[in-house]
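Colleague: Below you will find the structure I want to go over with you.
Since every read-out is calculated from the coordinates, none of them should be taken as a lab result. Note that the coordinates shown come from a computational prediction; the quantities given were computed from them, not determined experimentally. Positions of Cβ are generated from backbone atoms using ideal geometry, with glycine treated the same way; all protein chains shown enter the neighbour counts.
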Amino acid sequence: MSDDSTRDGLAPEMESPALLDALTGIAAWRERAEQEANAAVSELRAEEARITAALGELQRRLVLVEERRAQTEAKLNALDDEELLRSHQALLTALAHDQSLLLARSGAIASLRAAAKQRAEVLLRDDELQGHLREFASFAEVEATLKSLPPGYRRAILAHHDNVRRVVEPVLRELRGDTVALTAPHAPVALIASVEPSEGPPQALVILTPVSADLQTTWDQQPQDLCASVAYRVMAAAAEIAARLGAADAPIQARPYGRFLAVQIWLRDRPVKGDVKEIATAALQRAKEQARDLSAAQVELFILWLPAAVLSPPEDDEDEGSVDEDTEDEALRMIASESVSDDRLPDFLIADPDTEA
Amino acid sequence: MPLPGLDDRMTLSEASLALGVHPFDLIRVLVALGAFPPDLHLNAEEVERVRTLGGLERWWEPDSQGEAVRRSDPIAARGIARGLCVQLIEHGLLDPTSARLDNIFRGLDADAQAIARAVLHALVQEGYLRTFNTPSGVNVTIASQHGENVLKIASGDAFPRALALLWQR
C-alpha cells in the first residue's frame, strides 16, 4: 500500500479519470507506434524499390547473357561453314598467287630462251662450225651404211662422229634450250585435287590449276609457256588417271573454275579399279617429274587434296564480295552438274591453220 | 641446214594448230597412243603419225562431196546440215562404225562451225546421231535405225523438225 492511501482505505482521488489517463497513454503509444511503423514502411518501400531496380538490372543482364549465349551457339554451329568459306578464299588466293608466279617465271624463261637463241646464232656464224653441223646432220645417211663397212673403218667413222658431236654439242644445247635455267628461288605451285563425294563410290575427280581459264580459247594466240605446260601436263595426267582407273572412256573436260582452268574426270556410273586418290597422286607425281621446263624455272608442282565442299562452299551472307560469285557458281556447276556427262559436243572452235589464215 | 630433231620440233600448241585439233584433244590422243612427249614437243614425223593413228581427218575439202552439197544449197544452214550428213554417209559412219566428232568441223570456217555445232545438237537430240566417249575423245556415229533418215537429210528430201528450225526461224 502506498503512502497516498487515504485514511479510510480508499484510493486517493485522481486529478483526471483513470480511463482518460489510460487513453491518453494509449494515444501517445499509438502516435509513437505509428511514427515508428511509418518510418519502417518508408524504409521497406525504399528497400523494395532498390531490390526491384536491382532485379530489373539483373533481368536486363540476363536477357543480354541469353542473347550472347545464343549468338555464340550460332557461331559454334556455323564454324564448319566458316571454315569452308575461309578455306575456299584461301584456295582462290593461292591459285591467283601461283598464277602470277607462273606468269613471271614464264617471262623470265622466255628471256633466257631468246638469249640462248642469240648465243646459238653467234656460234653459227662460224663457218667451220657450220661445216661440222652439216656433217653431223648428214650422219644418219652414213649410219645406215656402217654395217657394211669393215670393223676398223666403222670404229674410225664412229670415233670421228663422236668428235664432231663434241664440237657441235654447245650450239645444239643452246638450240635445244638445254642451257636455259633460272637461278630464281625455288617456288612451289599447287594443283588442287578433289574427289566427289568424299565417301563412297567416286563420281568425279577435279584438278584445279593455277592457269587462266582463257587458255582454253587463246592457246593458239600465245606461245606455249609454263602455264600451258602445267595445263597440258594435267590433262595428260587426267587421261592417264582415267585409263588406270579402268575408265579410259570417261568424259574428261577442261572447264573454267572462276578465272582458273580445271580438269575434271566424270566417273559416274563407271566401276573404277583402285583408289582414285592414290592413282591420281601417282600420275600427277609422274607429270611433275617429267616437267623439265618447270624444273628449269625452279617451279615445283605440289598436289593438295581438298574436300569437294571447299571447292563449292556454302554461301556467306555476312561477308559479301569476299567470294567471287562467278567462281562459286562455276564451282557449284562443276561439282553438282548432272548434265555434264551428256555435254559431248566440243564448245570450242576447231583450230585450223587454213581457215585461221 | 636441217638439224635432226631440232628444226622440225613443234610445241604441242603448234602441233595442234597444224592438225586442226584442240591441244587438250591432241593430248588425249597422244596419251591413248602411249606417245605423250614429256618435253611437250613433237617433230613433223610424229605429228603425221598422230594424224593417221589418231584418226584426225579433214573432211571439208574443196573437192569433197559434202562440200559440194553444202555449196549447192542456197540456204547456208541447210547446206551445212545436208553436207554434214553427206560427210557422215561418205565416211560410212553407220553404227557401230564411228569417227572422231571433231572431224565434222575441220575445214569449216568459224561461222560454219557454229552452225555445224547446232546441226549436230539437233541431230543428237532427234536421236539420229549418237555420240560417245572414247579414250582419245568423243566419237560420233549414225544411229543404226536412222540411216535412211540421214540419207533423206543429205538429199534434202526430209528434215526433222528440230533441224529445220535452224533455218526456218
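Colleague: Contact list please: Cβ distance under 7 Å, first residue in segment A:277-298 and among the basic types (Lys, Arg), second residue surrounded by 20 or more Cβ atoms within 10 Å (Cβ to Cβ), pairs at least six apart or on different chains.
Modeller: A:277/A:195; A:288/A:301
Colleague: With more than 14 Å from chain A (Cβ to nearest Cβ), closer than 28 Å to residue A:219 by Cβ, basic (Lys, Arg) and surrounded by 14 or more Cβ atoms within 10 Å (Cβ to Cβ) as the only criterion, which of B:82, B:49, B:78, B:28 stands out? If you could, list the steps in order and put the result at the bottom.
Modeller: Details: B:82 fails: closer than 28 Å to residue A:219 by Cβ; B:78 fails: closer than 28 Å to residue A:219 by Cβ; B:28 fails: more than 14 Å from chain A (Cβ to nearest Cβ).
None of the others qualify; the one that does is B:49.
Colleague: Which ones in segment B:45-103 are over 16 Å from residue B:117 (Cβ atoms) and polar (S, T, N, Q)?
Modeller: B:52, B:64, B:65, B:72, B:97, B:98, listed by residue number.
Colleague: Testing residue B:39 on (1) within 7 Å of another protein chain (Cβ to nearest Cβ); (2) under 25 Å from residue A:136 (Cα atoms); (3) surrounded by 18 or more Cβ atoms within 10 Å (Cβ to Cβ), one condition comes back false. Which one is that?
Modeller: (3)
Colleague: Taking residue B:8 and the conditions (1) buried (at least 22 other Cβ atoms within 10 Å of the Cβ); (2) more than 9 Å from chain A (Cβ to nearest Cβ); (3) not hydrophobic (A, V, I, L, M, F, W, C), which numbered condition does it fall short on, given that it satisfies the others?
Modeller: (1)
Colleague: Could you list, ordered by first residue, the pairs with Cβ atoms under 7 Å in which the first is in segment A:91-119 and β-branched (Val, Ile, Thr) and the second is in a helix (DSSP H, G or I) and surrounded by 18 or more Cβ atoms within 10 Å (Cβ to Cβ), at least 6 apart or interchain?
Modeller: A:109/A:226; A:109/A:296
Colleague: Something else about it: If you go through segment A:211-248 one residue at a time, how many are more than 9 Å from chain B (Cβ to nearest Cβ), closer than 13 Å to residue A:103 by Cα and touching a Ser or Thr at 6+ places or on another chain (Cβ under 7 Å)?
Modeller: 4
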